[in-house]
Structures are given as structure tokens and as C-alpha cells.
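Reviewing the structure listed below.
The numbers here are math on the coordinates, done by the rules we state, and not lab data. Predicted model, so just to flag it, every value in this text is computed and none were measured. Please note: Cβ atoms are built from the backbone with ideal geometry, for glycine as well, and neighbour counts cover all protein chains shown.
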């Protein structure tokens, strides 16, 4: 698909986005370098950032619709549920990944073909 944008325009947008991203990250480094102590409210809010980022990365895989059928990815939903249960119960990353992948393989290769 062709666009009406020229190569210098596209590269300019890429450079501007890169500089802005770098500036945002640098601003936090500079800010926390000047502070002796992080305010408690900010520290409390920053505690939830890793979980929120992980959820934002993982959730689209669970709610993806298979092309053509219009069905949700049942195998991924079941495997994600199993991994979530193991993570909640054990709080062990390796056990969570093993349970999630094991459940995905079992559902994908043994359960769904039988249906």
C-alpha cells in the first residue's frame, strides 16, 4: 500500500518520536536523580506499573478472535486461566510458565482436536 508521504517525512516522524521517547525516559532519570526521597504517593502508584504493563502486553493474546471463525481463542483463555491460578497459588514464575505452556499444549493438541 503506497502512501503520499515522502521518505524524508517518514524518517522525520521516526526521529521525532524517538527523541520524544528518549526525553520522557530521561526526564524521569533526571527527576529521580534530584530527589532525595521519592514521595510515598508516587512510590505507591509506581508499585503497580509492572503488573499494568504485563497485563497490557498479555491481554490482547487472550481476547484475539480467530480469523474466519469469529471465535475467541479458547485454548489461550484456558491456558491463561491455568497459568493465572498457578501464579496466584505458588507465586513462582517458572511454575506459572510451565503450567501455562503445558495447559496450552494439552488444550491445543489433545482437547480441541477431539471436539
Out of [x] 2, 9, 10, 14, 11, 9, 11, 13, 11, 7, 3, 0, 0; [y] 2, 10, 11, 11, 10, 7, 6, 4, 5, 6, 7, 8, 7, 4, 2, 1, 0; [z] 2, 13, 25, 28, 21, 9, 2, 0, which label holds the value of P(r) over Cα pairs in 5 Å bins from 0, in percent that was computed here?
[x]
Calculated from DSSP H runs of 4 or more alone, at -39500 (n - 2.57) each and per residue, what is the 222 nm mean residue ellipticity of the chain, nearest 500?
-23000 deg cm²/dmol
Quick one: if you stick a label point 7 Å off each Cα along the C-beta vector at residue 37 and residue 52, how many nm between them?
2.4
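Sort 94, 109 so that the residue with the fewest other Cβ atoms within 10 Å of its own Cβ comes first and the one with the most comes last.
94, 109
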Quick check: convex hull over the Cα atoms of segment 49-115, volume per residue in Å³, rounded to an integer?
83
